């Protein structure tokens, strides 16, 4: 393992991230809300540390190995989450502990959206902007942005890309060079964000709210500039725009690219994961809306459809926005919605969860095993879009699923041992490992009431879910550290 090259990359990435503190500084100067010092101090500190790491290792030119990639991704997310908490901690308006600042920072970067802050409507604009921006940067992954420029510095980026990109298939490139792939993903990401912001503004949001919510919507993060989230605006048009862009952001971004390149929506219609993703969402909307109306939670079908469809789209894509207090609905619905978040968005999307493609293949595998009971000697490969899926991929997906379930069960037991009630423990694990955000029980409104040890554990689960378990858990294996 090349320690010096790892430090060089970390230095470069810290320098890059320090630049992202300039917009909050500008916002603070515009609104004169007193947040300039906290953000300026953090900017200078990060820039100096990053420059120091880079300066003393600038002559290192080794190629990154697979192990180096895993270490860099995990170390960078850890360091970034910690330094990202600096403005939150030193901002006079927050008055929160170190633990809460770190929790909020990691929640933003991992696009989880779980918060420990109260009174968002009264916080400084710079701080609100910063929270939204953290989610936008984390949505596609700061590492993917970085690999677009690392080749210019003589550092290969494929190892980072494989470790960072969410989804079960990570070797498919949109362009021949990894830097071009990263750039392409960011161009699409930026374009959708701009379209979302303009749509919000046209629907009645201020430019500040429009840009801020476009950041968290396209990132499928769920942070808002208001305590009531999207419900603050009480606008059907804004809710429909949010639903549209959550839906778009939950689709495979590689599919967006191919559809744009060929200028054909047929690319979507012929993709099995997209069809399954859409079917799951529509099915969920039908079930929740019908149940809301049948139980007279809302007096009219129109209201049931409005609030039911929004919450399904928000929870199922793991965005976590709220237009209503779904935790107060009949108990079947909150549990149903929370369980939907385990499916999450598509591979190569900004959504969390296990990803639709994995769930699809697990379902197909289950059907195959039933058929093999009737025809034990028949050759029945699992197929996706008419093509056989290799047993190697199926084994990897089963391994991921088994580890995922095991992690959820063990984590829930740990929280129960730490004193949480069953509903709070299970929903807290779900909200963090799927990067969903909102929970049930004691965390229905926010996570501020939890103890510090619980918050640290949930912070770990956020990163574990964001990097899809293996990237972090492999560091705990003895084989990884053997030479």
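Summary of values
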quantity	calculated
Matching residues, region 200-209, being within 24 Å of residue 435 (Cβ to Cβ) and surrounded by fewer than 22 Cβ atoms within 10 Å (Cβ to Cβ)	209
Subset of region 1-29 [without any contact (Cβ under 8 Å) to a residue 40 or more places away in the chain and farther than 15 Å from residue 76 by Cα]	19, 22, 26, 29
Tally, over region 409-446, of residues that are over 19 Å from residue 106 (Cβ atoms) and part of a helix (DSSP H, G or I)	13
Number of the condition not met by residue 327 [criteria: (1) under 21 Å from residue 356 (Cα atoms); (2) in a helix (DSSP H, G or I)]	(1)
Every residue from region 465-483 that is assigned to a helix (DSSP H, G or I), under 18 Å from residue 408 (Cβ atoms) and in contact (Cβ under 8 Å) with a residue 12 or more places away in the chain	465, 466, 470, 471, 472, 473
Residue within region 449-470 that is over 30 Å from residue 367 (Cβ atoms) and either modelled with pLDDT under 90 or in contact with a strand residue (DSSP E or B) (Cβ under 9 Å, 6 or more places away or on another chain) (or both) present	yes
Qualifying residues in region 292-315 (those that are in contact (Cβ under 8 Å) with a residue 40 or more places away in the chain and under 22 Å from residue 355 (Cα atoms)) - the one farthest from the chain's Cα centre (by Cα)	309
Residues located in region 190-214, provided they are farther than 16 Å from residue 244 by Cβ and in a helix (DSSP H, G or I)	190, 207, 208, 209, 211, 212
Condition broken by residue 462, with the remaining ones in (1) part of a loop (DSSP other than H, G, I, E, B); (2) under 12 Å from residue 353 (Cα atoms) satisfied	(1)
When residues of region 45-71 are limited to those that are within 28 Å of the chain's Cα centre (by Cα) and modelled with pLDDT of 85 or more, the one nearest to residue 6 (Cα to Cα)	50
Meets criteria (touching a residue at least 24 places away in the same chain (Cβ under 8 Å), outside any loop (DSSP other than H, G, I, E, B), under 22 Å from residue 439 (Cβ atoms) and under 20 Å from the mean Cα position of the chain (by Cα)) for residue 224	no
In region 221-241, the residues that are over 19 Å from residue 138 (Cα atoms) and touching a helix residue (DSSP H, G or I) at 6+ places or on another chain (Cβ under 6 Å)	226, 227, 230, 239, 241
Top-ranked residue of region 380-408 - restricted to ones that are assigned to a helix (DSSP H, G or I) and crowded, with 19+ Cβ neighbours inside 10 Å, ranked as modelled with the highest pLDDT	404
Residue match in region 419-439 (condition: closer than 30 Å to residue 231 by Cα, surrounded by 13 or more Cβ atoms within 10 Å (Cβ to Cβ) and free of Cβ contacts under 8 Å to residues at least 12 places away in the same chain)	no
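So that you can scan it fast, the table gives a plain yes or no per residue for (1) modelled with pLDDT under 95; (2) part of a helix (DSSP H, G or I); (3) crowded, with 23+ Cβ neighbours inside 10 Å:
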site: 237; (1), (2), (3): no, yes, no
site: 240; (1), (2), (3): no, yes, no
site: 247; (1), (2), (3): no, yes, no
site: 251; (1), (2), (3): yes, no, yes
site: 257; (1), (2), (3): yes, yes, no
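The values are calculated or read from the model by the stated rules, or taken from the named source; none is laboratory data. Fair warning: this is a prediction, and the values are worked out from it, not measured in the lab. Cβ sites come from the backbone with ideal geometry, for glycine too, and all protein chains shown count toward neighbours.
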